[in-house]
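Inspection log for the structure reproduced underneath, given as structure tokens.
Here, each number is a calculation from the coordinates, and none is a lab measurement. Predicted model only: the values in this text are computed from it and were never measured. Cβ: placed from backbone, ideal geometry, glycine included. Neighbour counts: every protein chain shown.
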Amino acid sequence: MKINYFKSAYYDDLLTVRTIVETIPKVKFPIKTEIYNEKGELINSGETVLAFYSAITNKPVAAPKFFIDEMMRIFSNDHP
């Protein structure tokens, strides 16, 4: 996980959170996040990597088919 703080946010600020998924995950699932204040200024950015693993073996596994299918649908811009 990596976080960069650029400016402060304050109570009652309206913030815009932008979550960026650049690739369809296989085992690792990198996610980037940007937070903007009401003026449109970037106040925070971050990156994290999630992973899929077997609860039985505690080893990494490929992302489930239903998850890949949903990501494909979203990436194809075929979502409401």
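Here are some notes:
- Furthest towards positive pole of dipole, 71, 5, 60, structure part the chain, Cβ charges: 60
- Applying the criteria of a DSSP loop state and at most 10 other Cβ atoms within 10 Å to the trypsin sites (Lys or Arg not before Pro) of the stretch 1-71 yields 39.
- In loop segments of the chain as defined by DSSP, the chymotrypsin sites (Phe, Trp or Tyr not before Pro) with at most 13 further C-beta atoms inside 10 Å of their C-beta are 6, 10, 11.
- Within the chain: Cβ-based charge dipole about Cα centre, in debye rounded to nearest 20 (Lys, Arg +1; Asp, Glu -1): 460 debye
- The number of Lys pairs in the chain with C-alpha atoms less than 22 Å apart, excluding pairs fewer than 8 positions apart on the same chain, is 9.
- Qualifying GluC sites (Glu not before Pro) in the chain, DSSP loop, other Cβ atoms within 10 Å at most 16: 22, 38, 41
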